[in-house]
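Coordinate-derived values only; no laboratory data. This structure is a prediction, so every number in the text was calculated from the model and none was measured. Positions of Cβ are backbone-derived with ideal geometry, glycine not excepted, and every protein chain shown enters the neighbour counts.
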Amino acid sequence: MKREMSGTIPESALPMPDRDHIQGPPDAPIMLLEYGDYECPYCGETYPVVKAIQERLGDRLCFAFRNFPLVHSHPHAQHAAEAAEAAGAQGRFWEMHDMLYENQNALEDEDLAEYALSLDLDAERLLVEVRAGAHTGRVRQDFRSGARLDVNGTPSFFINGVRYNGSHGVEDLLAALAGQPVR
Amino acid sequence: MNATTKSIPSRSHSRGNGSTALPAGTPAPDFALKSTPDQTVKLSEFRGRPVVLAFYPADWSPVCGDQMALYNEMRSEFQEFGAELLGISVDGAWCHAAFCRDRKLHFPVLADFEPKGEVARLYGVYRQSDGTSERALFVIDAEGIIHWSYVSPVGVNPGAGGILAALEELQRETEGQ
């Protein structure tokens, strides 16, 4: 079987501001990339950690999120990821990203539509796009890039392009982000 | 966990970690093992396409992330290279059946059960002290020659980057011919 061109798969473990969803200045000195799954409980536990880190580092940090849904373990993860991308198509990716992590236990399609409504999005458009697979390719690209970067579970973090294997505690992550050795 | 304890698979044709795993260039020893209580899989049946052979220590063993579940998610990636994925451990076929059902694995998982670990020994990845295999990866080319091998620390899920890089390399070589 002929493989499709891999040109659309991001090969870098650095956030790509033209492609990735980012928060913070694209030229920030510290770059943090997460591969995550909205239905993964560990990602849910780490979500407030990332928030705390963003709070602490402010404009010194650029945070990016790529999808790595483990769909056999997490049956709602794919549609959740596509819903966030669909919200992104309406300019509200991060609001939906947060909404999903704050409501990990309710990720049925109807829940996704409800979250879209509560964010003043066009919920019908969002649901149509999710069900039609309009954002499946994008989520797949994220996943494939992660597979090539040895992402072996979620969440996986890369700091300035280098894999971070330490704990997901605020202080350990902050120390690593500041370039200090992790205890 | 210390940040430096986890290693990333080497992208070269290495045998990794100074281990005894069969290195690149070696013909992959053939074997026939049960994938279910009544089905047998023979390695040489897959001649003509690449095979990803993933040894892991044991069904149900905890590791940072579940390696077989991860590869299950990546089946379509491997299939794009026409590659066959085979998991293998010293557990028996009934144990594998329960494990595969629980983890919803959709690829053959082979029982290196009797004589125990015989295939792991053939590939140089048996851990005598534990009575299990290493967490070891082999990418075997369409002619049955080992193209890449890697042994991961037993507690570390090595991911799939090394496998995909090896499969891409094989594909480039095939296309270049």
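When you restrict to C-alpha pairs under 8 Å that are six or more residues apart and normalise by the size of segment B:48-88, the relative contact order lands at 73 percent. Charges were assigned to the Cβ only: +1 to each Lys and Arg, -1 to each Asp and Glu. The resulting dipole of chain B about its Cα centre is roughly 340 debye.
May I ask for the distance between the Cα centers of segment B:26-40 and segment A:51-108, given as a whole number of Å? Measuring centre to centre over Cα atoms gives 42 Å.
If you take the charge dipole of the protein assembly as shown about its Cα centre, with +1 on Lys and Arg Cβ and -1 on Asp and Glu Cβ, which of A:C43, B:T174, A:A147 is farthest toward its positive end? After comparing all options, I get B:T174.
Ranking B:I163, B:S76, A:I22 by how far each Cα lies toward the positive end of the dipole of the protein assembly as shown (charges on Cβ) leaves B:I163 at the top.
Taking the Cα centre of chain A as origin and assigning +1 to Lys and Arg Cβ atoms and -1 to Asp and Glu Cβ atoms, the resulting dipole is close to 900 debye. Helix content alone sets the calculated 222 nm mean residue ellipticity of the protein assembly as shown: runs of n ≥ 4 DSSP H residues at -39500 (n - 2.57) each, divided across all residues, give -10500 deg cm²/dmol. Neighbour counts of other Cβ atoms within 10 Å put B:V154, A:V130 in the fewest-to-most order B:V154, A:V130.
Per the Kirkwood definition applied to all pairs of different Cα atoms, how many angstroms is the hydrodynamic radius of the protein assembly as shown? Value: 21.5 Å, from the Cα pair sum. Counting only DSSP beta bridges whose two residues both lie in chain B, roughly 70 percent are antiparallel. Placing unit charges on each Cβ (+1 for Lys and Arg, -1 for Asp and Glu) gives the protein assembly as shown a dipole about its Cα centre, and among A:A175, A:A134, B:Y56 the Cα reaching farthest toward its positive end belongs to B:Y56.
By the rule of a C-alpha distance below 13 Å, with chain neighbours fewer than 8 residues away ignored, the aspartates and glutamates paired with B:K42 are B:D30, B:E84, B:D112.
With neighbour counts taken as other beta-carbon atoms within 10 Å, the residues A:D150, A:D20 rank, fewest first, as A:D20, A:D150. Of A:A116, A:A89, A:A13, the residue with the greatest mean-square motion in the GNM of chain A, using alpha carbon springs below 10 Å, is A:A89. Rounded to 0.05, the FRET efficiency of the A:D98 and B:D102 pair, given R0 = 25 Å and the Cβ-Cβ distance, is 0.15. Each part gets one Cα centre, and for segment B:125-143 versus segment A:8-29 those centres are 37 Å apart.
Normalised by the number of residues in segment A:19-177, the mean separation of alpha-carbon contacts (under 8 Å, six or more apart) gives a relative contact order of 32 percent. Counting other Cβ atoms within 10 Å as a rough exposure proxy, the listed residues A:S145, A:S12, B:S149 run A:S12, A:S145, B:S149 from fewest neighbours to most.
Unpaired cysteine residues in chain A (no second Cys Cβ under 4.7 Å): A:C62. Each Lys and Arg contributes +1 and each Asp and Glu -1, all at the Cβ; summed about the Cα centre of the protein assembly as shown, the dipole is approximately 1260 debye. Could you please report the charge total around B:P27, scoring K, R as +1 and D, E as -1 over all other residues with beta-carbon less than 13 angstrom from its beta-carbon? Once all neighbours under 13 Å are counted, the net charge is -2.
Placing a pseudo-label 7 Å from each Cα along the Cα-to-Cβ vector at A:E110 and A:V162 gives an inter-label distance of 5.0 nm. Within the straight-line cut-off of under 12 Å between alpha carbons, the aspartates and glutamates reachable from B:K104 are B:E73, sequence neighbours fewer than 8 places apart in one chain being disregarded.
Using the Cβ-Cβ distance between A:D59 and B:T36 with R0 set to 45 Å, the FRET efficiency works out to roughly 0.20. Our summary gives chain B a relative contact order of 34 percent, counting only alpha carbon pairs under 8 angstrom and 6 or more residues apart.
Highest GNM mean-square fluctuation among A:L107, A:L173, A:L119, for chain A modelled with Cα contacts below 10 Å: A:L119.
Within chain A, the percentage of alpha carbon pairs spaced more than 31 angstrom apart rounds to 13%.
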